[in-house]
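So the structure is just underneath, and the comments pick up after that.
Each reported figure results from applying straightforward, stated rules to the coordinates on display, with no laboratory input. Only a predicted model underlies this, so the values are computations on that prediction, with no experimental measurement involved. Note that each Cβ is placed from the backbone with ideal geometry, even for glycine, and that neighbours are counted across all protein chains shown.
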Amino acid sequence: RAGFPSPSHARGAAAFAFSASAAVGVDVEPRARASVMDELATQVAHPAEHAALPCGAARNEELLALWVRKEAFLKAAGVGLACEMNTFRAPAGEVLDTGWAGAAVPQPVRLSAWDLHPHFHVALASAPGLPVHALRL
């Protein structure tokens, strides 16, 4: 495989991650989507994450941020949404192994949340120690 690309797009935004040496995954979602996240809480949050969710609007924001981190991780694993999001925890800054999600070539990835734009959540799953450069156009 020549490289490891990962694209993502949402209304009004696009994100792209690429690594020549390790799998990466990126996801971007508009913050406006947070208003519908509560109805997806049991599908997105692991039971331990669900129990720790805050109340009110902060709950929906955290659920959306969790969705974005988990989707980035699943893209890095190469399995997309074939793995149920509520079966694993995905705290920002943590290192997870893509193998248990079904990755053909298991490897560790660190989950990073990016605050690149006030109207979007962005997350990246990349190898620990991999240099990351973010650019907002």
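In the chain, the longest principal axis of the Cα atoms and the axis of helix 57-77 are about 20 degrees apart.
With the charge dipole of the chain set up from +1 on Lys and Arg Cβ and -1 on Asp and Glu Cβ about the Cα centre, the Cα lying farthest toward the positive end among the listed residues PHE73, TRP100, GLY12 is that of GLY12.
Placing +1 on the Cβ of every Lys and Arg and -1 on the Cβ of every Asp and Glu, with nothing else charged, gives the range 12-137 a dipole about its Cα centre of roughly 240 debye.
For the residues PRO118, PRO91, PRO47, a GNM of the chain with alpha-carbon springs under 10 Å puts the largest fluctuation on PRO118. Modelled this way, with points 7 Å down the Cα-to-C-beta line, the labels at LEU53 and GLN107 are 3.3 nm from one another.
Stretching the chain fully between ALA22 and ASP115 yields a gain of 31.2 nm (0.36 nm per residue, less the alpha carbon separation). What the pair-distance distribution of the chain shows, using all Cα-Cα distances binned every 10 Å from zero, is 13, 46, 33, 8, 0 percent.
For the chain, modelled as a GNM whose springs connect Cα atoms under 10 angstrom apart, the maximal fluctuation among ALA125, ALA45, ALA57 occurs at ALA57. Estimated from the Cβ-Cβ distance and a Förster radius of 25 angstrom, the FRET efficiency linking ASP97 and VAL132 is about 0.85.
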